[in-house]
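Worksheet: one structure, shown below.
The values are calculated or read from the model by the stated rules, or taken from the named source; none is laboratory data. Since the structure is predicted, the reported quantities are computational estimates derived from the model, not experimental observations. Here the Cβ positions follow ideal geometry from the backbone for every residue, glycine too, while neighbour counts run over all protein chains shown. Note: accessible area is taken over every heavy atom of the protein model, side chains too, but ligands, DNA and RNA are not part of it. Shrake-Rupley method; radii C 1.70, N 1.55, O 1.52, S 1.80 Å.
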Amino acid sequence: MLRIMLRHISLLILTLFILSFFSFSLAYLFPGDPLVNLTGIRDSSEQTYALLAQQYAMNDSLFSQYWHYVNNLFSGNWGLSFSSGLPLAEEISRSLAASVELSAYALIISFVIGLPLGFLSGLRHHKFIDYSLLSASVIGYSIPVFWAALIAILLFSVQLGWFPLSGRISLLYDIPYDTGFILIDILLSDVPDKEFAFQDALRHLVLPSVSIAIVTSTIVLRITRRSVVEVMNSEYIQAAYARGLSPRQVFVRHGIKNALIPILPLLVMQFTTLLTNAMIVETIFSWPGIGNGLIQAIYQRDFPAIRAGMLAVSALVLTFTITSDMVIQIFDPARRRPEDATS
Amino acid sequence: MILLDIKNLTLEIESQSGWIKALDKINLVITEGQIHALVGESGSGKSIIVKAIVGAISDRWRITADRMTWRGQDLLKMSVRERRKIIRSDISVIFQNPKSSLDPIVTLGNQLKEVILATNLEKGMFWNRAKQRKKYASELLHRVGIKHHEAYMRSLPHQIPNDICQKFMIAMALASQPKLIIADDPTRGMEITDKSQILKLLTRVNQVRKLSILFVSHDLLAISSMADHMTVLYCGQTVESGRMNQLRRRALHPYTKALLESAPSFRTDLPPKSPLSSLGGTIPTFQHLPIGCRLGPRCPRARRECVKVPEVRRIHEHTYSCHFPLHRDQK
């Protein structure tokens, strides 16, 4: 167990180091003078330029520039956004929290939809219900996310008016920033009409999270179905039947767990695709998340924001992937080594 | 008393070129206290028979039989639930790959406890059940010769050696105190010492508890040391069936003879450095089964009549299906 943890942590540190190096070099790869790109100050006088260069350690060697950059990263000094002039660290952590919240709910929705349907379809393999679920999943998988989101807006917000068009919460409510997750923030805050604010936030959440969840739940469905079919055809399931256990007993005692274990890592990995889809959907629903922020930054050539945003997103994805892999490896009983039964 | 009586069991498997008869009119009778060997090359349908008996059947199989009864009850006519009940209490199966027939993520102890029926426990309140189950399970393990039962019950199938796994399977088979144990090649891929242990164990179980065993294997040496009846199978057809010593002394079917001759330890007259005899050709694939007697193309005695399926003939307990049996024509 210690070895698994050490291996994963060293992998994480190494990859994060490479990532930081890439984001550092981005400043030099953008067109133009790196200093101008980073500060946003054009046509400055020679004096201010020299001052800025000193501030960013531009005159030193590349290595000490990098060192300076990493030091700044760790001390939370990520630079200022051109467009808002606010410190990026705070801005990015806010928008990242919003994105993570959206993707987390979408992930939950897709598990709630995909897992039971996948089990159903796997158990009724080659039957009508299996085929219809499979074709539904193909359709769901092939629909582009942005198109689905637009159609959803057109139908449910414009035509039917069930859900709000965009945003995270109605402007009527002023929720103080605390954890960054709007639902938790509402529950923690002491604003008047808490329930209404909560309901409003939920209503804002429905359309974006569902349109992200469409694709992911079809993936979850297919992965689960495949695994269930495989497990139910395996020898130990046949053996369990031959021992006279009923289909329900066989499925509950031997089927579910065995079907879930190989797919859990795959399912958890869907979080990254989800985050990507979330970034697209955010721009459509003007959700104040990192995807929306990054795209705005790209439009406005807000180089420090692009740099810091990319670093934040990739670091998040990386940390999540490696940690989940580690946790799965630690808890997977099939990989447990012989311990006390080798006599 | 006759336990299992199968007459003309035919099992067809759906394939691209229509229904293929994987089993063609199989006959099998097992009486109480008997060790019955089912012999045949790999691919002759031995394991399919086992699956057909216990009802672990795929949707794409079609089973017909004139008779398939368990102690007089028709297995084919009864509902799935009734059949499962019989199998749970009366028939146990030991599979050929102990490791893949055990759930990889449930501890062996729990898997063993799962097959212990409530009726086999002493009467007691339900809070005593878990304890009784545990006691019963460890008794079973001692009976099959596992000493460190505590450690093994806590482990998972991949953590322990193959023969211990197989002993666990036997313990599981004994757990429900069945009337018949079907052992589907239980010693496959095992070392010779482990193998003899398992075989001894099965023989002892048969003698002590008056338990019938259907022993499916192609290991003639093992079979001849323990079985008293033998059914020879070729390509899904029963070729010959009878008492072990009778078959060994006077095999009537050419295939049985070839099979027995292929094992050098059965031949006392084999001079040193003489070539070992074997039948030419290989067992045909399921897609290219010959018509009539399926041994036809390989049979040294085949004649024109062999394109028709030979009838089952009987001399006392000894049955065979061949148009031109050995020994008979010499008289």
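Points worth noting:
- One decimal place: the segment A:L51-A:S246 gains 62.3 nm when fully extended, by the rule 0.36 nm per residue minus the C-alpha distance.
- Cα lying deepest toward the dipole's positive end in the protein assembly as shown, options A:Q249, B:T187, A:A201, charges on Cβ: B:T187
- For B:K134, a cut-off of 16 angstrom between C-alpha atoms picks up these aspartates and glutamates, skipping any fewer than 8 places away in its own chain: B:E114, B:E122, B:E150.
- As a fraction of the 1.4 Å probe accessible area of chain B, surface on carbon and sulfur atoms comes out at 52 percent.
- Shielding by partners - mean other protein chain Cβ count within 10 Å, residues of B:103-113: 4
- Sum of -39500 (n - 2.57) over DSSP H runs of 4+, divided by residues of chain A (222 nm, nearest 500): -24000 deg cm²/dmol
- Mean projected area of the convex hull spanned by the Cα atoms of the stretch A:109-232, taken over all viewing directions: 9.5 nm².
- Residue mean of other protein chain beta carbons inside 10 Å, B:42-55: 1
- Taking label positions 7 Å along the Cα-Cβ direction at both A:R301 and B:E317, the computed distance is 9.9 nm, reported to one decimal.
- Computed about its Cα centre, the charge dipole of the stretch A:37-144 is approximately 580 debye, with only Lys, Arg, Asp and Glu carrying charge at their Cβ.
- Rounded to the nearest 10 degrees, the inclination of helix A:2-29 to the longest alpha-carbon principal axis of chain A is 40 degrees.
- A:N72-A:S142 FRET efficiency (beta carbon distance; Förster radius 56 Å; 0.05 resolution): 0.80
- Relative to one another, the C-alpha centroids of the stretch B:185-212 and the stretch A:57-133 are positioned 59 Å apart.
- Hz values of 3J(HN,Hα) by residue in the stretch A:116-131 - Karplus curve (6.51, -1.76, 1.60), Gly and Pro given as x: x, 5, x, 4, 4, 5, x, 6, 9, 4, 6, 10, 4, 5, 4, 5
- A:V210, A:V220, ranked by accessible area, largest first (probe 1.4 Å): A:V210, A:V220
- Short-range pairs are left out: with C-alpha atoms under 8 Å and at least six residues apart, the relative contact order of the stretch A:279-322 is 25 percent.
- Pairwise centroid distance, computed over Cα atoms, of the stretch A:276-335 with the stretch B:10-66, Å: 57 Å
- Charges were assigned to the Cβ only: +1 to each Lys and Arg, -1 to each Asp and Glu. The resulting dipole of the stretch A:93-289 about its Cα centre is roughly 1060 debye.
- Counting every alpha-carbon pair across the protein assembly as shown, the share separated by more than 34 Å comes to 62%.
- Rg followed by Dmax, in Å, when chain B is reduced to its Cα trace: 21.1, 71
- The stretch B:2-227: relative contact order as a whole-number percent, Cα under 8 Å and 6+ apart: 28 percent
- For chain B, share of DSSP beta bridges that run antiparallel, in % to the nearest 5: 60 percent
- Antiparallel %, DSSP beta bridges [both residues in the protein assembly as shown], to 5: 65 percent
- Remark: relative contact order (chain A) = 28 percent; criterion is Cα-Cα distance under 8 angstrom and separation of 6 or more residues.
- Solvent-accessible area, 1.4 Å probe, carbon plus sulfur percent, for the stretch A:93-289: 69 percent
- When peptides A:73-80, A:307-314 are ranked by their average number of other Cβ atoms within 10 Å per residue, the highest-first order is A:307-314, A:73-80.
- Between amide H atoms placed 1.01 Å from N, distances below 5 Å from B:V239 occur with B:V232, B:L233, B:Y234, all of them 5 or more places distant or on a separate chain.
- Ranking by accessible area, most exposed first, for A:R168, A:R203 with a 1.4 Å probe: A:R203, A:R168
- Label-point separation, A:S286 to B:L276 (7 Å along Cα→Cβ), nm: 8.4 nm
- Among the listed pairs B:K77/B:K113; B:K135/B:K200; B:K135/B:K167; B:K99/B:K257; B:K46/B:K85, a Cα-Cα separation exceeding 27 Å is found for B:K77/B:K113; B:K99/B:K257.
- Descending semi-axes in whole angstrom, ellipsoid equivalent of chain A, from the Cα gyration tensor: 44, 29, 18
- Average beta-carbon neighbours from other chains, 10 Å sphere, peptide A:241-252: 6
- Heavy atoms of B:F266 accessible to a 1.4 Å probe, total area in Å² rounded to 10: 40 Å²
- Taking Cα atoms only, the orientation of helix B:126-143 departs from the longest principal axis of chain B by about 50 degrees.
- Computed with a 1.4 Å probe over protein heavy atoms only, the accessible surface of the protein assembly as shown comes to 51 Å² per residue.
- Peptides B:226-239, B:182-195, A:16-29 ordered by average Cβ neighbours within 10 Å, highest first: B:226-239, B:182-195, A:16-29
- Here the protein assembly as shown is treated with +1 on each Lys and Arg Cβ and -1 on each Asp and Glu Cβ, and its dipole about the Cα centre works out to around 4920 debye.
- Summed buried accessible surface, chains B and A, 1.4 Å probe, nearest 100 Å²: 2500 Å²
- Long-range HN-HN contacts of A:W78 with modeled amide H, under 5 Å: A:L88, A:A89
- Degrees separating the helix A:256-285 axis from the principal Cα axis of chain A, which is the longest one: 40 degrees
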